[in-house]
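Participant: Structure incoming, see below.
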Amino acid sequence: MGKEKTKKGSGSKGLAGAISGGERPWIQVLAQMHDHTMILAEVPAKKFYYDANAIVDAMADVTGYYDFDMFNPFADLYNYEIEAMGAKMIYGENSMPTIDFREPLIKNPEDLTKLKAKEVDWRNDGRLPYVLGCIELSLEYGSNLGMFCSPFSMAVGMRSFPALIKDMRKRPQFAHELFTFITDDVLLPYLKVQNEVCDILIAVGADAWACVPNLSVKDMKEWVVPYNERLLEKAKKIGVMAMNVSGDYCEERLEKFDANVLHGCFDVEIASQGAPSLFLGMGRWQDYPLEPVLDYLAKYREQGINASIIATLNARLIRDGPVEKIISAVKRIIDAFAREHSVQFLFGNLPADAPSDHIHAGIAAVHTYGRYPIADNLDDIELKIPKRESFKEWKQKISKNQ
Amino acid sequence: MAVTNTLKELENAILEGEDDLAQSLAQKALEENIQPLNIVNEGIIPGIEEAGELWKKNEYFLPDVVMSAEAFKMAMEIIEPHLTAGEFGATGKVVIGTVAGDMHTLGKIIVIVMLRSAGFEVIDVGEDVSIATFIEKVKELKPNILGLGCYMTTTMLDMKDIIKKLQENGLRNSVKVMVGGVPTSQEFSDEIGADAWGKDAVDAAEKAKKLMEVS
């Protein structure tokens, strides 16, 4: 499926489609894959992270090459707003621009006062035209999702994590002032522009900093959820549903896995999104026990709510393999959840050098084991992993066919 | 008794992440004529080690560890000028930095504290560090361990080139290489020929000690 064949209506409309059974006859899969795409499509970083046409075209090609079901044209989302406000950045030769935490935008509380007085053009400053361009161009591929950096992660970007934690513990009044500023004076006007320029109705907020073990559930309920809910509420009034992806459970040490902490994370996720959807995100979901997730889902079912699941295939697993382990991880998730719940797969932050064979195998596993209706016994299904050409060969083939 | 109390209070201040209090208690301990090395070994290090233990038990989360690390740094700022050369940091010398194009500061800050509490001398060469600078620093400072951090999968690829350059410069056998950061893994570490991978700061310090054959 080339970019010219990428389905219209497979973006945010497709998200709803996947949750209700999908337009294609299997569980839908999308990827966060900016670094991988840049390397695979051989686009220089100085173009890829600055030129909306370059990134969207490359993302569309790579989406087509792997046969992802949904189009996600975005790079990491943690920099744009604060870059537009004047944050110092590192512009690497071969990598995505990143915040220079050595010189944070708000070095001391007085800087917040100065920032409040600053006029920011939410259409034109920094690389915002690039982001708006990505959203506009991706409409062509059926996606109409807006994107932003959630309040907590943006506060980290402005202050650095240690300084923000110190604010929360020792200067709570200032910390609340900062979060209120981010929600009301940064994100709302920015979402308004996305809505006006790109007609987006749903926007997704990235919040990788607000996860376990970066924060405890108690911290998230005190500092993350209230501002996510505030944003949800206020954005609704300008016609945008601003869903924050906060509360991810990312415990690296398996011996520390704790079902109660996980359930607390789910509470945070649901409150932050304003929808009963569980995000099995960037953690080691190939290794975590799944029973605690089923327990949590059962609690919702008792209330007549069938929560949906976005299940991530771990980035390091995709990179490191082996293929058998990737397939097993996909199969385990489908077997545990997909008969009773709507499931969508996300291939999380595909590493730059992830072998294409690993990605093809993961997608084949989702499309095969995830074919509706989900089989009673997945072991009865034969998985055939297609022998695929390289990306370059595929591109040549597509060009010839045009 | 008063001496014991001050060190115990210092340990608690570090454990609780009370940086200003830790600094003033470190000063108080000096004024009570407690040997600087004893202040480190009986007050400062037990506090940060306990924070690491609570992290392993799921009782401490990153903010708690960060605050303890800040308190550790503040207390050490007071004590370090009073330590005799070579008295502290005898476990080994570590040069640590974040690879070019990358800004992985937080993990590095905590790793440095954990390494120092494990008795390492740590030289932080900063963030966004070029391959050439890492090689120069290894030549110049002759560390036992070179620590490399990153958070992006593009910049992570530099780690392989750094190890290659160490080999080309005849330095690989004289230095152990440790890698860490969100996108890294044991498999990646093995693949690029590093000597160890730190899954988190506590793990990094434990593995660094193993590399130095210190229990």
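Participant: Could you pull out which residues in the range B:90-115 have an amide N less than 20 Å from a spot 7 Å beyond the Cα of B:LYS57, following the Cα-Cβ vector?
Facilitator: Within reach of a label on B:LYS57: B:114.
Participant: Residue by residue, what Karplus-based ³J(HN,Hα) values in Hz, rounded to whole numbers, does the range B:105-122 have, using 6.51, -1.76 and 1.60 with θ = phi - 60° and x for Gly and Pro?
Facilitator: Each residue's phi maps through the Karplus curve to give 8, 4, x, 5, 4, 6, 4, 4, 4, 5, 5, 5, 5, 8, x, 8, 7, 10 Hz.
Participant: Which of rounded, prolate, oblate describes the protein assembly as shown, given a ≥ b ≥ c as roots of the alpha-carbon gyration tensor eigenvalues and a/c under 1.5 marking rounded, otherwise prolate only if a/b is larger than b/c? Write out the running numbers ahead of the final one.
Facilitator: On the way: a/c = 1.66, a/b = 1.48, b/c = 1.13.
Taking the square roots of the gyration eigenvalues as a ≥ b ≥ c, the protein assembly as shown is prolate.
Participant: Let me ask something else about it. Stretch B:ALA85-B:GLU16 to full length: gain in nm at 0.36 nm per residue minus the Cα-Cα span?
Facilitator: Numbers: separation 69, 0.36 × 69 = 24.84 nm, distance 2.96 nm.
Between B:ALA85 and B:GLU16, full extension yields an extra 21.9 nm.
Participant: Now a separate question. Please determine, in degrees from 0 to 90 and to the nearest 10, the orientation of helix A:323-337 with respect to the longest principal axis defined by the Cα atoms of chain A, where the helix direction is its Cα long axis.
Facilitator: It works out to around 80 degrees.
Participant: If r is the Cβ-Cβ distance from A:GLU103 to A:LYS384 and R0 is 56 Å, what FRET efficiency results, to the nearest 0.05? Please report the intermediate quantities before stating the final value.
Facilitator: Numbers: r = 53 Å, r/R0 = 0.95.
Efficiency, from the Cβ-Cβ distance: 0.60.
Participant: Treat the range A:224-381 as a sphere of radius equal to its Kirkwood radius over Cα pairs and apply Stokes-Einstein at 10 °C in a medium of 1.306 mPa s; give the translational diffusion coefficient in µm²/s, rounded to a whole number. List each step's numbers first, then the result.
Facilitator: Details: Rh = 16.6 Å.
Reported coefficient: 95 µm²/s.
Participant: Relative contact order of the range A:323-387: what whole-number percent is it, with Cα pairs under 8 angstrom and at least 6 residues apart? Walk me through the intermediate numbers first.
Facilitator: Working: 43 pairs, mean separation 27.2, N = 65.
For the range A:323-387, the relative contact order is 42 percent.
Participant: Shifting gears a bit: Using the alpha-carbon atoms, what tilt in degrees (0 to 90, nearest 10) does helix A:391-401 show relative to the longest principal axis of chain A?
Facilitator: For helix A:391-401, the angle is close to 70 degrees.
Participant: Sticking with this structure for a sec: Around A:ALA361, with a cut-off of 12 angstrom between Cβ atoms, what is the net charge of the other residues, counting Lys and Arg +1 and Asp and Glu -1?
Facilitator: Values: positive: A:LYS325, A:LYS331, A:LYS384, A:LYS387, A:ARG388; negative: A:GLU324, A:ASP357.
For residues surrounding A:ALA361, the net value is +3.
Participant: Something else about it: Compute the angle between helix A:291-302 and the longest alpha-carbon principal axis of chain A, please, reported from 0 to 90 degrees and rounded to the nearest 10.
Facilitator: On a 0 to 90 degree scale, this one is about 80.
Participant: While we're here: Starting from the Cα of A:SER328, move 7 Å in the Cα-to-Cβ direction to define the label point; list residues of the range A:238-277 whose amide nitrogen is under 18 Å from there.
Facilitator: A:254-255
Participant: Going by the alpha-carbon gyration tensor, a ≥ b ≥ c the square roots of its eigenvalues, is the range B:92-211 rounded (a/c under 1.5) or, if a/c is not under 1.5, prolate (a/b greater than b/c) versus oblate? Spell out each step's value before the answer.
Facilitator: Details: a/c = 1.28, a/b = 1.07, b/c = 1.19.
Rounded is the answer for the range B:92-211, as its axis ratio a/c remains below 1.5.
Participant: Can I ask one more? The range A:91-142: which trypsin sites (Lys or Arg not before Pro) are DSSP loop and have at most 15 other beta-carbon atoms within 10 angstrom? Could you put the intermediate results ahead of the total?
Facilitator: Numbers: sites: A:ARG102, A:LYS107, A:LYS114, A:LYS116, A:LYS118, A:ARG123, A:ARG127; in loops: A:ARG102, A:LYS107, A:LYS118, A:ARG123, A:ARG127.
The qualifying sites are A:ARG102, A:LYS107, A:LYS118, A:ARG123.
Participant: With θ set to phi - 60°, apply the Karplus curve 6.51 cos²θ - 1.76 cosθ + 1.60 along the range A:180-197 and write out the HN-Hα couplings as whole Hz, x wherever there is a Gly or Pro.
Facilitator: My calculation for the range A:180-197 gives 5, 4, 4, 5, 8, 9, 10, 6, 4, x, 5, 5, 4, 5, 4, 5, 6, 7 Hz in order.
Taken together, the values in this text are just the output of simple stated rules run on the coordinates, not laboratory data. In this text the structure is predicted, and so the values were computed from the model without any measurement. Cβ sites come from the backbone with ideal geometry, for glycine too, and all protein chains shown count toward neighbours.
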